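Remarks on the structure that follows.
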Amino acid sequence: MRINRNKLGSIDEFIVEAYRYYNNGLDRLKDAKIEYKRYMDKKPVREASAIIYLASLVAIDGYLVSRGVERRALPRSIEGYWEALNKHMVHDGKIKSALDTAYENLHILGYYRGAISVKVIKEGTDSAKLIIDKISKIVKKNDK
């Protein structure tokens with residue numbers, strides 16, 4: 001799934017898009033039955049993990065654009081995102097920690113490795129939501 005960053009204008013549009021991705025991912029996750037605290041079907045879990053992880057990146061992209069980063073200079077790797085957060089959001093360890101968890105639990109374990117543990121995926125989705133919510137609050141605070 002490719003994100004067309006050029007079609008998103010304001011930071012608010014990035015945040016709305018991030019929540020849209022997040023909710024779409026949750027809807028996809030509902031298709032997976034759970035038994036013994038494990039998802040029974042990897043496919044919807046993999047799809048949901050990818051979509052929800054991307055939701056967190058869309059929110060971060062919006063924040064970076066609002067801080068003056070040009071769209072063509074937005075990060076293209078997890079290392080790039082960590083670098084950008086260190087440069088533009090130095091004081092928020094919660095977002096950095098949440099990105100680390102979303103990356104590991106959703107991108108690596110959920111998407112690439114097909115993890116089916118409800119706990120692992122839930123930690124990842126909670127972390128993605130924290131990123132989107134915190135960035136949304138930061139943006140609203142800066143708009144005042």
In the range 102-144, which residue that is polar (S, T, N, Q) and surrounded by fewer than 20 Cβ atoms within 10 Å (Cβ to Cβ) is farthest from ILE78 (Cα to Cα)? ASN142
Can you pull out every residue in the range 31-75 that is of a type in the set (A, V, I, L, M) and assigned to a loop (DSSP other than H, G, I, E, B)? ALA32, MET40, VAL69, LEU74
Quick one: ALA84 ticks every box in (1) among the small types (Gly, Ala, Ser); (2) surrounded by fewer than 19 Cβ atoms within 10 Å (Cβ to Cβ); (3) more than 25 Å from ASP27 (Cβ to Cβ) bar one, so which box is it? (2)
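The numbers here are math on the coordinates, done by the rules we state, and not lab data. No experiment lies behind these values; they were computed from the predicted model shown. As a convention, Cβ positions derive from the backbone with ideal geometry for all residues, glycine included, and neighbour counts pool all protein chains shown.
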